[in-house]
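Coordinate-derived values only; no laboratory data. Values in this document were obtained by computation on a predicted structure and should not be read as measured data. All Cβ positions, even for glycine, are placed from backbone atoms using ideal geometry, and neighbour counts span all protein chains on display.
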Amino acid sequence: MEWLMSEETRNGTLVLEFILEGFPVAEHLRILFFLLHLLAYLASLMGNMLIITITCVDHRLQTPMYFFLSTFSFVECCFITTVIPQLLTIILSGRQKISFVACFSQAFIVFILGATVFFLLGVLSLDRYLAICKPLHYPTIMSPRMCFLLVTVSLVLGILFMSIPVVLLSQSFYCGPYVIPHFFCDFGPLANLSCSETRSIEMLFFNFAVIVVFTSFLIAIFAYSNIVVTIVRLPSARERQRAFSTCSSHLIVLSLMYGSCAFIYLKPKQRSRVDTNREAALVNTVVTPLLNPVIYTLRNKQVHQALRDALSNIQLHRYQRSNAPSL
């Protein structure tokens, strides 16, 4: 079988394909694990797509915060669709082959989208800071042009920071083994399989990951520390409760994202235990995208009202159609 995975070269054996090992799942539990992850994937897609749809349809939600949230949801949908279908296939059918090009293409997309998500979290924190602490200046600062610019900058920074280490790692020499003990092409396992010296690339990736995570983290700390001070000074207990409710939702998402990514990627050497990294990666790829729609938006009263109005309009439209006179 090995000749299918590699090609002889002058300097040794060049790997053309990898095998994604996924999780060791007992045979009698495969269907259960498959259904659980499939339901989580579908729920994540439906929740995030609902946020995008309701933001576009309801004019009351066409504000900077919901523009950022809908963009965040779109990036999340792209992120999980890059990873979860492959995980489902591995759970159901066992190990899966993936070509060298497809593997690094997946890593490229995953890390760009992941970095973009972190920058968007920073933008969301900044948006909440301006809305609560600078309400008079908020409409002027967060103009449609500024919102579009912040989203564009988040994507461009994600591409700049994550593409360089992934491209450099793809140019290193792979001579075997070719089994990746993960459910997607993560940076650490790929660095472990390289037959070249990748220490400098790993350090570059580590430094860029630190910049991405801590830039977003410091913005969040600055924003929410000022928000807490402002909330405490609010005269109305109802206003304080409403502001704390909104901010606590955001902080739950931030803690999940920062905690899991810091555990996986903020290590100078990527050659740590892969099994614990796989479990932590599930938090980012399955758990967090599932919770984000609920935590960020679906528990929001504005969204509840928008959903009720949308359902009422649908029922009214059906009623009018059913009672329309036939020609």
Whole-Hz Karplus ³J(HN,Hα) for segment 40-55, in order, using 6.51 cos²θ - 1.76 cosθ + 1.60 and θ = phi - 60°, x for Gly and Pro?
5, 5, 5, 5, 4, 4, 5, x, 5, 5, 5, 4, 4, 5, 5, 5
Given backbone amide H placed at 1.01 Å from N, residues whose amide H is under 5 Å from that of PHE183, ignoring those fewer than 5 places away on the same chain, are GLY22
Out of residues 5 or more away from SER196 or on other chains, whose amide H comes under 5 Å of its own, with H placed 1.01 Å from N in the peptide plane?
PHE173
Would you mind checking which residues have amide H under 5 Å from GLN96's amide H? H placed 1.01 Å from N; only 5 or more apart, or other chain.
LEU20
Fully extended, how many nm does the chain gain between GLN62 and VAL167 (0.36 nm per residue separation, minus their Cα-Cα distance)?
34.0 nm
When the Karplus curve 6.51 cos²θ - 1.76 cosθ + 1.60 is applied with θ = phi - 60°, which whole-Hz ³J(HN,Hα) does each residue of segment 130-139 get, with x for Gly and Pro?
5, 5, 8, 8, 10, x, 6, 8, 4, x
Limiting things to C-alpha atoms, what are the Rg and the maximum Cα-Cα separation (Dmax) for segment 12-135, in angstroms?
18.8, 64
From the backbone phi of segment 68-73, what are the Karplus-calculated ³J(HN,Hα) couplings (6.51 cos²θ - 1.76 cosθ + 1.60, θ = phi - 60°) in whole Hz, Gly and Pro given as x?
5, 5, 5, 5, 4, 5
Surface/4 estimate of mean projected area, convex hull on alpha-carbon atoms of segment 73-155, nm²
6.7 nm²
Using a Förster distance of 30 Å, the FRET efficiency for VAL210-SER255 (Cβ separation, nearest 0.05):
0.95
